[in-house]
Amino acid sequence: MLKIKSFSDVAYEEIKNRIIKGIYKPGESLNERNISSDFGISRTPVREALQKLSLEGWIINEPYKKNQVREFNLDYIIEAQKVRSVLEVLAFKESSEKFTNDDLECLKNITQKQQNALDYDEFIKIDREFHEYVYAKTENSLLISLMENINDIIRYFGLIAINLPNRNKETLEEHLNILKALELKDVEKITKAVEIHMENTTNAIIERYRTKK
């Protein structure tokens with residue numbers, strides 16, 4: 001049965017999307033009245049959305065910091081990437097046992113689309129498609145659920161990393177190396193290729209974070 005989204009759900013998704021894309025900047029205070037006017041809805045669903053985002057840690061609600069967009073520090077970024085790296089390796093190892101030639105061809109097509117992406121936003125969207133295809137092939141419901149829960153954080157940091165000069169080209173090369181390992185069905189090479197991809201992504205995020213400070 002199709003679930004109809006409430007105004008609160010719509011506001012929540014749109015506000016979070018704007019935070020992830022950097023439209024709402026770290027440290028910026030989100031005005032409930034302005035957002036409700038911008039979205040064309042009443043203040044109640046906006047208030048509910050902001051409360052949910054506060055509980056999830058996307059915004060801060062403290063004295064003198066009312067609905068302020070959180071600035072994730074470097075330690076948090078590194079810890080998030082550590083968790084992601086472990087799950088990514090597991091996902092690729094489990095999916096490799098189920099991959100068919102058609103699956104590999106599909107990943108190649110996704111990589112080709114990513115190569116032709118017109119901007120950073122499209123590039124990271126297709127990058128997510130590449131990884132989510134692999135998650136689905138694991139047929140591991142818990143792993144998929146865990147990855148879904150951190151996907152927004154991944155997307156947020158991914159947009160930070162991909163804005164680094166040459167990172168999009170490096171990402172494509174790393175995806176191609178992963179594909180080669182998947183074709184060989186060599187678990188050791190798959191693990192190594194994914195670990196290198198995750199390590200380089202983490203380093204790119206750290207470098208970009210520091211240059212923005």
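The values are calculated or read from the model by the stated rules, or taken from the named source; none is laboratory data. Bear in mind that the values here come from a model prediction, so they are computed numbers and not experimental data. Virtual Cβ from ideal backbone geometry, glycine too; neighbours counted across all protein chains shown.
Rundown of residues vs (1) in contact with a helix residue (DSSP H, G or I) (Cβ under 7 Å, 6 or more places away or on another chain); (2) surrounded by 14 or more Cβ atoms within 10 Å (Cβ to Cβ); (3) part of a helix (DSSP H, G or I), yes/no style:
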position	(1), (2), (3)
8	yes, yes, yes
12	yes, yes, yes
15	yes, yes, yes
19	no, yes, yes
36	yes, yes, yes
41	yes, yes, no
46	yes, yes, yes
66	no, yes, no
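When you look at residue 78, is it under 18 Å from residue 197 (Cβ atoms) and out of contact with any Pro (no Cβ under 9 Å at 6 or more places or on another chain), yes or no? Spelling it out, residue 78 is indeed under 18 Å from residue 197 (Cβ atoms) and out of contact with any Pro (no Cβ under 9 Å at 6 or more places or on another chain). Residue-level check: of (1) farther than 25 Å from residue 18 by Cα; (2) exposed (fewer than 14 other Cβ atoms within 10 Å of the Cβ), residue 174 misses just (2). Of all residues in the range 18-65, those satisfying the criterion of being basic (Lys, Arg) and more than 22 Å from residue 121 (Cα to Cα) are 33, 43, 47, 52, 65. Taking the range 92-177 and the helices (runs of 4 or more DSSP H) fully enclosed by it, no element has 2 or more residues that are of a type outside the set (Gly, Ala, Ser), in the same structural domain as residue 199 (by TED's automatic domain parsing) and in contact with a Cys (Cβ under 8 Å, 6 or more places away or on another chain). Check whether at least one residue in the range 109-118 is in contact with a Ser or Thr (Cβ under 9 Å, 6 or more places away or on another chain) and surrounded by 15 or more Cβ atoms within 10 Å (Cβ to Cβ), and report yes or no. There is at least one residue in the range 109-118 that is in contact with a Ser or Thr (Cβ under 9 Å, 6 or more places away or on another chain) and surrounded by 15 or more Cβ atoms within 10 Å (Cβ to Cβ).
Residues of the range 20-35 that are in contact (Cβ under 8 Å) with a residue 24 or more places away in the chain, out of contact with any strand residue (DSSP E or B) (no Cβ under 6 Å at 6 or more places or on another chain) and of a type outside the set (Asp, Glu): 20, 21, 22, 25, 27, 31, 35.
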